[in-house]
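The values are calculated or read from the model by the stated rules, or taken from the named source; none is laboratory data. What you see is a predicted model; the values in this text were computed from it and never measured. Glycine also receives a Cβ, built like all others from the backbone with ideal geometry; neighbour counts cover every protein chain displayed.
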Amino acid sequence: MSSTSEASPGNWITGSYTGNSIGVRITIGTFVCVAWYNVIELIVLIFLTFKRFQGPYFWSMLISAVGILPYSVGYLMKFFDLTSATWVPVTLLTVGWWAMVTGQSFVLYSRLHLVIENQRILRLVKGMIIMNIFLLHVPTTVLTYAANFSGSYASIAGYDIMEKIQLTGFCVQEVIISSLYMWETNRMLQSNTDRGSRKTIMQLLAVNVSCILMDIALMVIEFMNFYIYQTTLKATLYSVKLKLEIAVLGKLVKVAHQHLWRSNTERGQYPSFVDPTRIESDFNHPESSLGTYQGFKGRTSPFEAIDCDDVT
């Protein structure tokens, strides 16, 4: 694969890295290796965390994690010129990019079901994700192949522009989903007086803010025209975001179900597994957030047996 000149609109978009900087090569290798390590750990954690291997949350997280591998391998092969078959790295990074980016959006969408009951909002979010597949993924893919196989200035310039558009578009998409989540989580925080739960909710908010900052960092790097750094760092940051998802998943399920329990009982509604006539405790003023409940066999919280894959 031949390299473009440094004056081209997208430096090294269509070829391997031909610069003399050892630091750049080490940086590329480091980003890719960290991403690989995180992905291997993620796959293990996903299968250990989910009790049943089904549901949108499980599959979106698994697909997004697995997608990081071909994405990072493709760019490693491309920048280090490990093959003369241009279509191999281009196809790998394209397939991986689709799975990694849209998979992450579906992870965020699946998580929204824990805190948002408004089906109209959920349908709009899902529609936005599907729409952006056609508005952002498809044209970027076409320009990726055009730039790498035709090598014309017009196709490279077009890809360079589209790369910035799609990165901005997907960043805005994830910010919108995360903002909806944070808005609802903040409402949960205001209505929850339990100190432990409030601490957990604050941690969840911090995780979402961190993910938004990662997206913004990628945008800044891209608009500074550091294409090599942006594309390889993206794999690392997406793997980190998924690890944060795994880290807070259990806490998120507990807090969300506790909030749902409180909201329903205040309206006189109870989950299907509860017989209201046999309730002996005051669920509107529980002694502890997730402690024991009178009237349940074994005096345990009904949420202790909740499977993570029930998040749909």
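One table, with the values for the structure above:
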read-out: Condition met for T144 (surrounded by fewer than 20 Cβ atoms within 10 Å (Cβ to Cβ), touching a residue at least 12 places away in the same chain (Cβ under 8 Å) and closer than 23 Å to K78 by Cβ); value: no
read-out: Residue selected from the stretch 27-43 under the condition among the β-branched types (V, I, T) and buried (at least 18 other Cβ atoms within 10 Å of the Cβ), by the criterion farthest from the chain's Cα centre (by Cα); value: I28
read-out: Residue ID - farthest from N20 (Cα to Cα), chosen from residues in the stretch 52-86 that are assigned to a helix (DSSP H, G or I), touching a residue at least 60 places away in the same chain (Cβ under 8 Å) and among the polar types (S, T, N, Q); value: S64
read-out: Residues satisfying the stated conditions in the stretch 103-138, i.e. over 12 Å from I177 (Cβ atoms), in contact (Cβ under 8 Å) with a residue 24 or more places away in the chain and in a helix (DSSP H, G or I); value: G103, I133, L135, L136, H137
read-out: Failed item, numbered, when A217 is tested on (1) among the small types (G, A, S); (2) touching a His at 6+ places or on another chain (Cβ under 9 Å); (3) at pLDDT 85 or above; value: (2)
read-out: Tabulated pairs, the stretch 22-34, first under 14 Å from V240 (Cβ atoms), second charged (D, E, K, R) and at pLDDT 95 or above, C-beta under 9 angstrom, 6+ apart or interchain; value: F31/K234
read-out: Condition broken by S239, with the remaining ones in (1) modelled with pLDDT of 95 or more; (2) surrounded by fewer than 17 Cβ atoms within 10 Å (Cβ to Cβ) satisfied; value: (2)
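Rundown of residues vs (1) among the polar types (S, T, N, Q); (2) touching a Leu at 6+ places or on another chain (Cβ under 9 Å); (3) surrounded by 14 or more Cβ atoms within 10 Å (Cβ to Cβ); (4) at pLDDT 95 or above, yes/no style:
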site	(1), (2), (3), (4)
F58	no, no, yes, no
S64	yes, yes, yes, yes
F79	no, no, yes, no
V101	no, yes, yes, yes
P139	no, no, yes, yes
